[in-house]
Amino acid sequence: MIGLTYRQSEVLAAIKEYIARVGFPPTMTELARLIGCSSPNAAADHVKALRRKGYISSATGAARGIAVVDSGNDLDAISVVKSLLEGGDNAKERAVAWLQLQGVEL
């Protein structure tokens, strides 16, 4: 899977948390509220990016059509550590975002 930006990690975490709490995915309007966007279109852009990177799938036209794809967290951890060691772009932000996705409070 392709790495996420810090904001994309926040959006993915919001989707996962909503599903865990409510039992089904949010609509674009609900997701926009969750992530602090003023427009459902902005939330839809984040969903498209997450889908393109392989972290979620979504059903076109379905109000609650978002599904989180199993991400293989071990491989993500390896890429995060490699990025930190190599001093990659946004390495620290990626590491923090990944830790937050794992439920670690910083």
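Coordinate-derived values only; no laboratory data. Worth saying up front: this structure is predicted, and the values here are computed from it rather than measured. Every residue, glycine among them, receives a Cβ derived from its backbone with ideal geometry; neighbour counts consider all protein chains shown.
The residue of region 1-16 that is nearest to the chain's Cα centre (by Cα), among those that are of a type in the set (A, V, I, L, M, F, W, C) and part of a loop (DSSP other than H, G, I, E, B), is 4. In region 66-76 there is no residue that is surrounded by 17 or more Cβ atoms within 10 Å (Cβ to Cβ), aliphatic (A, V, I, L, M) and in a helix (DSSP H, G or I). Restricting region 17-39 to residues that are part of a helix (DSSP H, G or I) and surrounded by fewer than 16 Cβ atoms within 10 Å (Cβ to Cβ) leaves a set whose member that is nearest to the chain's Cα centre (by Cα) is 17. On the given criteria, is residue 44 part of a helix (DSSP H, G or I) and in contact with a Leu (Cβ under 6 Å, 6 or more places away or on another chain)? The answer is no for residue 44.
Scanning region 11-29 for residues that are within 11 Å of residue 50 (Cα to Cα) and either touching a residue at least 60 places away in the same chain (Cβ under 8 Å) or in contact with a Ser or Thr (Cβ under 6 Å, 6 or more places away or on another chain) (or both) yields a single hit, 12.
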